[in-house]
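Asker: If you scroll down you'll find the structure; I have some questions about it.
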Amino acid sequence: MRTLVVWCPDWSVTAAVMELADSADSSGIEPGIEPVSAAAPAVVLANNRVVVCNAAAREEGVRRGQRRRDAQARCPELVLLTANPDRDARWFEPVLAAVEEIRPGVAPLRPGLLAVPAPGRYFARGGVDGEEAAAALLAEHLVAAGVWDCRFGVADDLYTAERAARLAAPQGCVVVSSGGSAEFLRELPVTVLADDGEEGAELADLLRRLGLVRLGEFAALSAGEVSNRFGAYGVDVWRRAQGAEAAPLASRTPPPELACEISFEPPLDSAEAVTFSVRTTTERFVAGLADRQLVATSVRIEAEFEGAAGLGVSARTWMHPRCFTSRDLVDRVHWQLQAGMASSGLRSRKTFGATISAPVERVRLIPEIVEPAGDHADGLWGGGADDQVVRGVARVQAMVGYDAVRVPVLQGGRGAADRQMLVPWGERAVGLRPVDRPWPGQIPGPAPARVFVEALEGSVEDESGRPVGVSARGLVTGEPWRFRVGGPSRAGSRWQPVASWAGPWPVDESWWLGVDAGGRAARFQVVGVDGRAWLLRWQERASGSGAWQVEAAYD
């Protein structure tokens, strides 16, 4: 059985661009912001280094392994994307499904690379080899699915077929004749091993320094020499260049269709009517998962409507701290629609996905993350206090609205307010600053009990009555003698002697925003004679003086 490999180059960049385009289609583009073009030079970064770059970026001199600033120096208009393996796998799933429609038995190797048993005479037409015809049909199918750059290779084994695909042109196919894998591999330069990752790049560099230019010269070495000098990976490459047979493909079983949808004829222009109509569908959705011993912790809800500009979709991915029930899904559908629809008619306003400007024709429920039901089963004596809290918060959220119930999430930062983010209950926080990074100027523990949403006005003076400030060297201009929480007009605001104080912890951040928005600042911990402790911040102003604010309290 011969093998056909489908390779989509630079898949991480392609997946990121497709996700940005999908987000733009579902939520709209803000005025003045251009969507990312697939032809624009783009890179995927991890730890401030380029891990994947597309062809447009390579034409500008960008290469894998470069630092971020070096890549931007070569191409100032470079689009920077964040590495996300889950995103790459999620967007490669439609590619696997598209290939399975033509040829079952798909074996996913990694996002951007898959293999299938090569078809024989079934696709042969008009003297054209069946393998080439099958590759052409797959290319047409993938282009229709939105994947333009796809390349194909056919050989007796997986390794050779992948190498052949990497030599193909976009939507092209390179076929290695039966029994010709060893001859094909021996003519390749050793630099092709760099495509295997860090281990392959090290072996390619070593072979070049030893004067071996092609894989055939490497295959001419004895097995003992290869084993002693190049390790397990080198032996594996040597065996393949010798023409050794590879293991058979591990084809996957196509995943079951778990999505459910309901169509409305005629379309419904009321959020309440849509919510009532989807109840049976949500029960069928949850029951379908339960039949396979699964539960959904992340569900994408899509509401389609026929607007003036064509088909519109309001789409959003919802997450749950435990797992979705049918009642939870009904609530999410209602929350997603209520911002853009009213019982008395439609109102064109921004919703969670898009502006709903016409009656809803279809609602679709798509599970994005499913887990075994046993991981979410109740204990022997039923649910505990945690389950009761989850159900109680869900009821409150259903009454007051999705965004009205929020929970704090810890993140990295210097100030007390910077170290927390409020996210809607049930939503997973994304884009958090890492906690384990060094944050120069960070206040020491313990953390304050109350952090004010808006910092209060404050004042600090020394013994002679002069305002206390902080110099450019981070030194206080006078010892804090008394302080006041709130301005003179604030009720209960009065001067209080300082019992003890600690600091300063100077910071110099966001200087590019101007003195009033960033620049030099310092934080102090101050304890009054009444025993109460406060976190104060001194901020440099454009006038040259400084202003005091009260950020938090240690109750």
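Asker: Would you mind checking which residues have amide H under 5 Å from A499's amide H? H placed 1.01 Å from N; only 5 or more apart, or other chain.
Answerer: Amide H neighbours of A499: V527, G528, V529.
Asker: Next up: Quick query: amide H of A83 versus all other amide H atoms, modeled in the peptide plane; which residues come in under 5 Å with a sequence gap of 5 or more or a different chain?
Answerer: Result for A83 returns L45.
Asker: Sorted from fewest to most neighbouring beta carbons within 10 Å, what does the list D436, D462, D291 look like?
Answerer: Least to most surrounded, the residues fall as D436, D291, D462.
Asker: Quick one: 3J(HN,Hα) in Hz for region 173-190, Karplus 6.51/-1.76/1.60 with θ = phi - 60°, rounded, Gly and Pro as x.
Answerer: My calculation for region 173-190 gives 9, 10, 10, 9, 4, 4, x, x, 5, 4, 5, 5, 5, 5, 8, 7, x, 5 Hz in order.
Asker: How do E198, E509 rank when sorted from fewest to most other Cβ atoms within 10 Å of their own Cβ?
Answerer: E198, E509
Asker: Once phi is turned into θ = phi - 60°, what whole-Hz ³J(HN,Hα) does the Karplus curve with 6.51, -1.76 and 1.60 give for every residue of region 76-82, x standing for Gly and Pro?
Answerer: Along region 76-82, the couplings run x, 8, 5, 8, 9, 10, 8 Hz.
Asker: Quick check: pseudo-label points 7 Å beyond the Cα along Cα→Cβ at A145 and V393, how many nm apart are they?
Answerer: Output for this residue pair reads 3.8 nm.
Asker: Hey, what do the phi angles of region 205-214 turn into as Karplus ³J(HN,Hα) couplings, whole Hz, using 6.51/-1.76/1.60 and θ = phi - 60°, x for Gly and Pro?
Answerer: These are the phi-based 3J(HN,Hα) values: 5, 5, 5, 5, 5, 7, x, 8, 9, 10 Hz.
Asker: Sticking with this structure for a sec: W495 to E198: FRET efficiency via 1/(1 + (r/R0)^6), r the Cβ-Cβ distance, R0 56 Å, to the nearest 0.05?
Answerer: Once the sixth-power term is evaluated, E becomes 0.30.
Asker: Now a separate question. May I ask you to sort W548, W318, W505 by Cβ crowding, counting other Cβ atoms within 10 Å and putting the fewest first?
Answerer: In increasing order of surrounding Cβ atoms, one gets W505, W548, W318.
Asker: While we're here: So, R0 is 22 Å and r is the distance between the beta-carbons of S222 and R110; what FRET efficiency does that work out to, to 0.05?
Answerer: 0.10
Asker: Further question on the same structure: Apply 1/(1 + (r/R0)^6) to the Cβ-Cβ distance of R239 and A169, taking R0 = 25 Å, and write down the FRET efficiency to the nearest 0.05.
Answerer: After rounding to 0.05, the efficiency reads 0.25.
No lab work stands behind these numbers, since they all come straight from the coordinates. A quick note: this is a predicted structure, and the numbers were derived from the prediction, not measured. Virtual Cβ from ideal backbone geometry, glycine too; neighbours counted across all protein chains shown.
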